[in-house]
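Since every read-out is calculated from the coordinates, none of them should be taken as a lab result. Remember, predicted model here, so these are calculated numbers, not experimental data. Positions of Cβ are generated from backbone atoms using ideal geometry, with glycine treated the same way; all protein chains shown enter the neighbour counts.
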Amino acid sequence: MISSKENALERKIAAFIPAESPCHALMLALLADRELHEMQEHANTVSIRRLGYNDHGPVHMRQVAYNAIRMLSLLRDAGIKTNIEAEGAGSYDDSLCAVFLAAFLHDLGMTIGRDGHEHLSCSLALPIIDRTLAGVVPDDLHRRVVIRATALEGIVGHMGSQRIHSLEAGVILVADGCDMTKGRARIPMSLNTTPRIGDIHKYSANSIEKVDIHAGAEKPILIDVAMSGDVGFFQIEEVLIPKIDSSPAKPHVELYAGVVDQPRKRYL
């Protein structure tokens, strides 16, 4: 069953995807894919219950998709071309399709385990990408090849462990890092109460109240993080900033963070 959080995120995503675009048809196909939904659900089960990590399931993948598409639209509004556009390989719509696919499939490898899950995600995502694109752009092999390659770059690069080169993949890296609010850590916090090394990750994430993404005054993308306590700065400095530093989107990002009702710190 689709949760209310999933439904709300799907509506937010749809608001940034024109109804007449190929990405809209692609989005509908992925949302209707029962096997994909089962894979997303099982990724969450393995992540939270077996491994003790935070949400890596359908809500997380939808949140990353929203973050990424929001950032891509801000870049377009600022006149920044994607790599697919700049290299003459395709259109903004093709970039939109690639980014949505990457975001929506990037953590499927968590159904198997954490180590190297970005590579496992590529293997699991490939047949889904192929069958979905075959239905959306059946008569254009070139577009399918370009979209698939760019989506896979976004998936394999989302941990920052492999160098990426396209703006599209860079957006995925940052969008993934931006999903760090306390809601994502709520279930692991309640299930795992025994202290262990690494708890700083869940406690710092639990202090993040809100992450806003909107147009910046100096750069196309402004990320503003509000937290309830100073422990949240660990998430900024040890999780988000390393991802931004590894992203081709970094030159287009402003980053602010701070405790609620206190002055924000500017990082970028």
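Below is a table of values for the structure above.
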quantity: Cβ-based charge dipole, the stretch 15-174, positive-most Cα from Ile147, Ala68, Ser91; calculated: Ala68
quantity: Nearest-0.05 FRET efficiency for Phe234 and Ala149, computed from C-beta distance (R0 35 Å); calculated: 0.50
quantity: Descending semi-axes in Å of the stretch 25-103, equivalent ellipsoid built from Cα gyration tensor; calculated: 29, 14, 10
quantity: Cβ charges +1 (Lys, Arg) and -1 (Asp, Glu), total dipole of the stretch 56-170, debye; calculated: 200 debye
quantity: Sparsely packed trypsin sites (Lys or Arg not before Pro) within the stretch 105-167, loop by DSSP, other Cβ within 10 Å at most 12; calculated: Arg163
quantity: Fully extended contour minus Cα-Cα distance, from Glu87 to Arg114, at 0.36 nm per residue; calculated: 6.3 nm
quantity: Within the chain, longest stretch free of exposed GluC sites (Glu not before Pro) [DSSP loop, at most 10 other beta carbons within 10 Å]; calculated: 21-217
quantity: Two-decimal Rg to Rh for the chain - Kirkwood Rh, Cα set; calculated: 0.95
quantity: Low-density loop cleavage sites - trypsin sites (Lys or Arg not before Pro) in the stretch 43-86, where at most 15 other Cβ are within 10 Å (DSSP); calculated: Lys81
quantity: Partners for Lys219 among aspartates and glutamates (Cα-Cα distance below 16 Å; same-chain residues under 8 apart left out); calculated: Asp77, Asp245, Glu254
quantity: Potential lengthening between Arg163 and Ala14 on full extension [0.36 nm per residue; Cα-Cα distance subtracted]; calculated: 50.6 nm
quantity: Vicinal HN-Hα couplings computed from phi for the stretch 157-169 (Karplus, 6.51 cos²θ - 1.76 cosθ + 1.60; Hz; Gly/Pro x); calculated: x, 6, 8, x, 8, 10, 5, 10, 10, 8, 4, 4, 5
quantity: Leu28-Ser123 pseudo-label distance in nm [points 7 Å out on the Cα-to-Cβ vector]; calculated: 3.4 nm
quantity: Estimated FRET transfer efficiency when R0 is 41 angstrom, pair Leu51-Leu141 (beta carbons, to 0.05); calculated: 0.55
quantity: The chain: relative contact order as a whole-number percent, Cα under 8 Å and 6+ apart; calculated: 18 percent
quantity: Cα→Cβ-extended label distance, 7 Å offset, between Val260 and Ala215, nm; calculated: 2.9 nm
quantity: ³J(HN,Hα) computed for each position of the stretch 12-28 - Karplus, 6.51 cos²θ - 1.76 cosθ + 1.60, integer Hz, glycine/proline x; calculated: 5, 4, 4, 5, 9, 10, x, 4, 8, 7, x, 5, 5, 5, 5, 4, 4
quantity: Greater than 18 Å apart at Cα, pairs in Lys5/Lys182; Lys12/Lys210; Lys182/Lys265; calculated: Lys182/Lys265
quantity: Electrostatic dipole magnitude of the chain [Cβ: Lys, Arg +1; Asp, Glu -1; Cα centre; debye, to 20]; calculated: 540 debye
